[in-house]
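The block underneath contains the structure these notes are about, expressed in structure tokens.
Every read-out reported here was derived from the displayed coordinates using simple, explicitly stated rules and does not represent laboratory data. Note that the structure is predicted; figures quoted are calculated from it, not measured. A quick note on method: Cβ atoms are made from the backbone with ideal geometry, for glycine too, and the neighbour counts reach across all protein chains shown.
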Amino acid sequence: MICERDAYQRSARARVVCSFVASAMLNIVVWTGVAWYAGLALYIALKAEPRERFVTSATSIRIERQAVLKRQLPRSPPQAHRAAPAQTETPSLSLPSGWSKQDIGNEGAQNAVLWLDWKRQTAEFVPRVFLWQRQVTAYERRPSLRDAVEDVVTNIRGEGDKLYASRPEKVCNGTRPGWFLSYDKPEDDPPIHIDDTLYVAGDTIYRATYVRPAGQPEDTRTRRALNSLC
């Protein structure tokens, strides 16, 4: 009987110990879960909480909070950089007295002025001087005096004209490099003789042309006046 009572008491103590251990382990698991869940909720809350941001750029400095703009410097509008238009000079020519000037305005792609010498007119032709300017865009670069001369010479040869002279010559009272051309146009009606003086500035070709009937002696003063092209 005594042995049975001792065994019963030991069994009861074991059950109490086991219950205590089981309860402690359950509490640990539960509180660990609660702590983990609370930590996760706090992390999510902190992450969702709007924070201040300090943003810098080349054009503004601003502080934002809760997606509301607190301060922003005004942005400067972009400046359009445009190439300045090329300046076109107004050409001039000093002819001797006796020439009658007529402004014929725009003739095709060129601005031209015309003078007539009524004193030397023939039955078929009135001697004349043209002064004109033409901006050139056909070249990938700005045209040179050589470009302008080659174009005229190519045209002269293509039309079967007779070229007498092609040489450099100073214009604008000897201050600018120019070019002189002298040729006949025998196929014209009536046949004519032409003296040309050219110079180039920027993308514009300037040209003075003295036209008279073929075989008529030149007016020396008019021929020299071509060098006043400026």
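The Cα-based radius of gyration of the range 100-228, divided by its Kirkwood radius, gives an Rg/Rh of 0.95.
Each label was represented as a point 7 Å from its Cα along the Cα-to-Cβ direction; for residue 90 and residue 122 these points are 3.6 nm apart. Rounded, prolate or oblate: pick one for the range 131-187, where a ≥ b ≥ c are the square roots of the eigenvalues of its C-alpha gyration tensor, a/c under 1.5 means rounded, and failing that, prolate if a/b is larger than b/c, else oblate. It is oblate, given that a/c is not under 1.5 and a/b is not larger than b/c.
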